[in-house]
Amino acid sequence: MAANNRRMSGKKGAQVGSGGQRRKGLEGRGPTPPAEMRKKHKANRIANVKAKQAARRPAPRGRGGKGTSEMVVGRNPVVEALREGVPAVTLYVQQFIDNDERVREALQLAADRGGIHLMEAPRPELDRMTNGLNHQGLVLQVPPYEYAHPEDLAAAAYDEGADPLIVALDGVTDPRNLGAVVRSVSAFGGHGVVVPERRAAGMTAGAWKTSAGTAARTPVARAANLTRALESYKKAGLVVVGLAADGEVELHELEALSGPVVIVVGSEGKGLSRLVGETCDFRVRIPMPGGAESLNAGVAAGVVLYEASRRRA
């Protein structure tokens, strides 16, 4: 009987179902995150220390000065900025974030580019960094843009043995217009763009994206006073040409475009400011048979740059 009991005790009885847990346990958890994102990993500790040091370190001042650091927030904006090559210092990722396709792409783009610190942060910290914006668990820190000095643009052109072709923006406040102008300057062989230090668009992430990567090779200079910068160009032998709907000269009549020139573009609504307009050697209008009252800064600059490039060919 004892032997029979031993045999009976060895039999398996009714088992509780796994409820699918065993199958779920065998499913993959996606790609292994980079070493910088794994807690307790040496690379993660080093990345965190470097990022904190970079955030505390004061930015060095160049001849043209530097802009301010910027945060790109939200999954789509962060992915688009990384795709377009917008400069970045740190990619902050929320702890326990839902690992969807955009998050994976952001991590992959940052890892492929290199030089971007990856930091995991709790949601309250990201809320604080973004002043409560809807960051969706992704925040990209864009470093301050290092502006050139206006004199550097003309000097670089002369060093190449070329007549300077520069665009100055007066009162243009939309970063997308600035990015479009940078793109046109690059396309037509210009030597850079000058923007005022105050009340004007700067090289933000939006301007970088609109420039379609050309901002990496086309310098943007910042002038403390645009009128004085234009006067300095005139002393260096450049002709200052302002675009105005009521200009005295039509574009095709302007011979100065074949030599050293600064093209000044005003805002779409107000045009050139009074002092800047008085500083220009010529005020030029673009003929528009279609009857449009004005062109935005990016389109107007592109038209004049094309004409200058055609005459220099």
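Among rounded, prolate and oblate, which fits the range 112-207 when a ≥ b ≥ c are the square roots of the eigenvalues of its C-alpha gyration tensor, a/c under 1.5 means rounded, and a/b larger than b/c means prolate? Intermediate values should be presented prior to the final figure.
Working: a/c = 3.04, a/b = 2.14, b/c = 1.42.
It comes out prolate by the Cα gyration axes.
I'd like to check one number: the per residue accessible area of the range 161-313, probe 1.4 Å, reported in Å² as a whole number. Show your work: numbers first, answer last.
Values: 6810 Å² over 153 residues.
Here the residues of the range 161-313 average 45 Å² of exposed surface.
Give me the accessible area per residue for the range 68-123, probe 1.4 Å, as a whole number in Å².
With the other protein chains kept in place, the range 68-123 gives 49 Å² per residue.
Roll a 1.4 angstrom probe over the protein heavy atoms and tell me the percent of accessible area of the range 129-173 that is carbon or sulfur. It would help to have the intermediate numbers written out before the result.
Values: 800 of 1840 Å².
Looking at the range 129-173 in its full context, I get 44 percent from C and S.
Would you work out the relative contact order for the range 120-216, in percent, from Cα pairs under 8 angstrom that are 6 or more residues apart? Before the final figure, lay out each step's value.
Working: 108 pairs, mean separation 24.8, N = 97.
This gives 26 percent for the range 120-216.
Take the Cα gyration tensor of the range 225-313, multiply each eigenvalue by 5, square-root it, and list the three semi-axes largest first, rounded to whole angstrom. Provide the component values of the computation, followed by the final result.
On the way: eigenvalues 77, 57, 22 Å².
Its equivalent ellipsoid spans semi-axes of 20, 17, 10 Å.
Within 10 Å of each candidate Cβ there may be at most 15 other Cβ atoms; applying that plus a DSSP loop requirement, which trypsin sites (Lys or Arg not before Pro) in the range 215-297 survive?
Details: sites: ARG217, ARG222, ARG228, LYS234, LYS235, LYS270, ARG274, ARG283, ARG285; in loops: ARG217, LYS270.
Passing sites in the range 215-297 are ARG217, LYS270.
Write down the Kirkwood hydrodynamic radius of the range 258-303, to one decimal in angstroms, obtained as one divided by the mean of 1/r over all alpha carbon pairs.
Working: mean 1/r = 0.0843 Å⁻¹.
One decimal place: 11.9 Å for the Kirkwood radius.
In straight Cα distance, which aspartates and glutamates are under 12 Å from LYS234, not counting same-chain residues fewer than 8 positions off?
Output for LYS234: GLU151, ASP281.
Roughly how many percent of the accessible protein surface of the range 204-273 is carbon and sulfur, given a 1.4 Å probe and a whole-percent answer? Mind dumping the intermediate values first?
Details: 1480 of 2980 Å².
Carbon and sulfur together cover 50 percent of it.
Amide H of THR90: which non-local residues (sequence gap of 5 or more, or other chain) have their own amide H closer than 5 Å, using H built in the peptide plane?
Distant-sequence amide H within range of THR90: HIS117, GLN141.
Starting from the range 218-311, pick out the GluC sites (Glu not before Pro) whose DSSP state is loop and whose Cβ has at most 10 other Cβ atoms within 10 Å. Present the calculation step by step, with values, prior to reporting the outcome.
Working: sites: GLU231, GLU248, GLU250, GLU253, GLU255, GLU268, GLU278, GLU293, GLU307; in loops: GLU248, GLU268, GLU293.
Loop-located and lightly packed - GLU248, GLU293.
The values are calculated or read from the model by the stated rules, or taken from the named source; none is laboratory data. The structure displayed is predicted, hence computed values, not measured ones. All Cβ positions, even for glycine, are placed from backbone atoms using ideal geometry, and neighbour counts span all protein chains on display. The area values use the complete protein model at the heavy-atom level, side chains included, leaving out ligands, DNA and RNA. Shrake-Rupley method; radii C 1.70, N 1.55, O 1.52, S 1.80 Å.
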